[in-house]
1. Which of the listed residues, A94, P211, L30, is farthest toward the dipole's positive end in segment 7-243, when Lys, Arg count +1 and Asp, Glu count -1 at the beta-carbon?
2. With a Förster radius of 25 Å, plug the Cβ-Cβ distance of R31 and R228 into 1/(1 + (r/R0)^6) and report the FRET value to the nearest 0.05.
3. Divide by every residue of the chain the summed helix terms, -39500 (n - 2.57) for each DSSP H run of at least 4, and state the resulting mean residue ellipticity at 222 nm, rounded to the nearest 500 deg cm²/dmol.
4. Anyone know which of G47, G24, G132 comes out most mobile in the 10 Å Cα GNM of the chain?
5. Starting from the Cα of T203, step 7 Å along the direction of its Cβ; do the same at I43; then give the gap between the two resulting points in nm.
6. Which helices of the chain meet both criteria: a Cα extent of 27 Å or more along the helical axis and a mean Kyte-Doolittle score no lower than -1.0, with helices taken as whole DSSP H segments?
7. Once you keep just the Cα pairs under 8 angstrom separated by 6 or more residues, what percentage relative contact order results for the chain?
8. Taking a threshold of 21 Å on the Cα-Cα distance, which of the pairs K6/K231; K174/K231; K191/K231; K6/K191; K11/K191 fall above it?
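FYI, it's all coordinate maths here, none of it is from the lab. Predicted model only: the values in this text are computed from it and were never measured. Because the Cβ atoms are built from the backbone with ideal geometry, glycine has one as well, and the counts that use them run over all protein chains shown.
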Amino acid sequence: MAESGKRTLLKISGEALAGEERFGIDAPTLRKVAAQIKAAHAISQIGIVIGAGNILRGSGIGSEEGMDRTTADYAGMLATIINSLALQSALEAAGLDVCVQSAIPVQEIAEPFSSRRALEHLGKGDIVIFAGGTGNPYFTTDTAAALRAVEIGAGLLAMGKNRVDGVYDGNPRKTAGLPRFDTLNYMDALKRRLEVMDSAAVTLCMAHNLPIVVFDLMAPDGIVRAVRGDKIGTLIADMPTAYADAPPA
């Protein structure tokens, strides 16, 4: 059972769940993530939002598959429900009590989203997985994570990324040698248009002074370290911006 008063919203990259593959859910990876969440749950109440990049990307498939943006976004929301049910099964197999709530009605497999009910579940020691995004198109799962974090009164939004160990001054997958931020304030994150999370999510966190830690989901004990408050990844909060290493001259 988590310590009283400590609550975390964990955002899990859907892409990371594919493991070494480009598509789908890799069972060993899912079990590793579940084991990390179980360890983190010993020190914090845990709410979870999962992306859908391992199945499809709502904003990206419109042009690729001929879908309009609204339809593509709803398809992405349904994909988050698939990932949420898979993670629920893995967590239950690890001995945890789990509730899936969905912003899109799917009564047979998930509760409808209710912040009041979510808080009741968290108070009992359940892990709550928030599926279906915000329930509306044009909003990413990053924004859904920020929104649910605020609604449940989380003290931290932990963003578990796919093989990216923090926020860089640019896209580290496209440009080698970029400096990584140790800390980053909200306004700098918005002004620099860094590709870490969408601006709506950052703005919502800034409005509620909700700190964000961005880290590699598959780093050893990464989830536990993020939840515990260890130095890991990049911390986005109301504080001075600083590089982890001095930027190149």
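1. Value: P211.
2. Computed FRET efficiency for R31 and R228: 0.70.
3. -10500 deg cm²/dmol
4. Evaluated over the chain, the most mobile residue of the options is G24.
5. 3.4
6. Length and hydropathy pass: 69-93.
7. Relative contact order of the chain: 21 percent.
8. Cα-Cα > 21 Å for K174/K231; K191/K231; K6/K191; K11/K191; rest within.
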